[in-house]
Each structure stands twice: as structure tokens, then as C-alpha cells.
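The values are calculated or read from the model by the stated rules, or taken from the named source; none is laboratory data. Worth saying up front: this structure is predicted, and the values here are computed from it rather than measured. Here Cβ is always computed from backbone atoms with ideal geometry, including for glycine, and neighbour counts include all displayed protein chains.
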Amino acid sequence: MYGKGVDIFPLKNLLKSFFELPTSYNQALSILSDKVVEVKKLESFLKAKEDLDLFLTEKGEKVEELSTTSQSLKEAKEKVKQLRALRDAAKKKVEEIESRVSSTEEKYRRCSDASLVITDDLADVEKRKKYLEATLQDLVNYKLCLD
């Protein structure tokens, strides 16, 4: 089969190239497969990163909402505190006014009672005055009779 003087070197190179080609193809396929696996991992990492970014965004929104709600609660507590102070001041003022009204009512009752007494006394004084005038007239008449 081997002939003398025939150069089989090009055939060897050709066969070597022929067999290197599937090996090279297998290596390229393996590298491509590894790259596909890496890309899938990267895709899952990217998906996880997107999910994390979304979660962090939602967390930020919730924190902002909580902060706003907390501020509103503080303002409401302060408003309640102010309203309680106003209510207490109003209660004191009402108590003062009620005390003054009570005092004024008592003074009015006393004055009313005094006015009734004065009216009764005036009627009595008028009666006595008429009696004294009548007595004086009787005395004058008596004196005139004596003279």
C-alpha cells in the first residue's frame, strides 16, 4: 500500500486537518454551551437584579409613605394637643362665667327680695303716714275745739 517515492505527507496533513475539524467543532460547541449556560446564569442574575431593584423601589415608596404618614400623625397629635389646651381654657372660661352668672343671680335675688321688702315697707309707711295725718288732723280739730 505504501508506495516508495510517493509523498503521503499531504494526505497525512489532510487527514489530520479532517480529524482536527470535529475536535475543533466539539470544542467550539462546548465553549458555546458554556457561554449559553453563562448567559442563562446572567439572565437569572439580571432577573434577580430587576426583582431586587423593583423590591428596593417599592421599599423606598413604602418608606416615603410611612414617613409621610408618620409626619401626618405627629401633626395630628400636635393639633390634638392644641385642641385639648383650647378645650381646657374654654372649660375654665365657662367655669368663670358660670361663677359670675351664679353670683349675679344671687345678687339679683337679694335685690329682688330687698325690693319686695321695700315695697312692703313703703305700703306700711304710707299707712302709718295716713294714720299720723289723720291723728294730726284729729289733734288740730281737738285743739280748735278747745280754743
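A quick yes/no check of all residues on (1) over 31 Å from the mean Cα position of the chain (by Cα); (2) of a type in the set (S, T, N, Q); (3) surrounded by 10 or more Cβ atoms within 10 Å (Cβ to Cβ):
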| site | (1), (2), (3) |
| --- | --- |
| Lys59 | no, no, yes |
| Leu66 | no, no, yes |
| Glu78 | no, no, yes |
| Ile97 | yes, no, yes |
| Ser103 | yes, yes, yes |
| Leu122 | yes, no, yes |
| Val125 | yes, no, yes |
| Leu132 | yes, no, yes |
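For the condition at pLDDT 90 or above and among the aromatic types (Phe, Trp, Tyr), Phe55 qualifies. A single member of Lys4, Lys107 is in a helix (DSSP H, G or I), at pLDDT below 90 and over 39 Å from the mean Cα position of the chain (by Cα), and it is Lys107.
Going through (1) modelled with pLDDT under 85; (2) of a type in the set (A, V, I, L, M, F, W, C); (3) in a helix (DSSP H, G or I) one by one, Val37 falls short only on (1).
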